[in-house]
Amino acid sequence: MYGTARGEWRTTRQRAAVLGALRACDGFVSAQALHAALAADGVAVGLTTVYRTLRLLESAGHVDVVRDGDGERLYRPRPDGGHRHYAVCRECGLSLAVDSEEVEQWVARTVRLIGFRAVDHTVELTGVCGDCHRPADRRTDP
């Protein structure tokens, strides 16, 4: 099904369950939240299997990954158009794909200049979305 740097993806009942649960989630989800969703649905999959499956999907380029405010990795299936960069709200977790063509061009130029190949990169934008931004949070310059 999926090729990975370590070999081919072997479909198992547990991996299929993890992938199905991930696809059913709305937005990014942590491994622990995904594990809890599986348990709530009566699917017996260990937390270690969830983490291992997400790492395999990540190394194969089939999930996008961001970090939340505490540094925890959050996952969601990668759209067919390739990897994307996201702005993630630190308050509610809202994630929005952002136009990153300039970032991609900068990465391409930089790796050409330094002579690197097979480069991966991560750009994380975090902040507070408009719905979570409260007037008390606004600061004025003195």
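Derivation of every value follows stated rules applied to the coordinates shown; laboratory data play no part. Just so you know, these numbers come straight off a predicted model, no measurement behind them. With ideal geometry, Cβ positions are generated from the backbone for all residues, glycine too; neighbour counts draw on all protein chains shown.
Quick notes on this structure:
- Computed over the stretch 14-142: relative contact order in percent, which uses C-alpha pairs under 8 Å that are six or more apart: 21
- Taking each DSSP H run with n ≥ 4 as -39500 (n - 2.57) and averaging over every residue of the chain yields -11000 deg cm²/dmol at 222 nm.
- Most tightly packed first, judged by the mean number of other beta-carbon atoms within 10 Å of their residues, the peptides 108-119, 93-104, 51-62, 16-27 read 51-62, 16-27, 93-104, 108-119.
- Within the chain, Cys25, Cys92, Cys132 have no other Cys Cβ under 4.7 Å of their Cβ and so lack a disulfide-compatible partner by this rule.
- Whole-Hz couplings from phi, Karplus 6.51/-1.76/1.60, listed for the stretch 45-51; x for Gly and Pro: 9, x, 4, 4, 5, 4, 4
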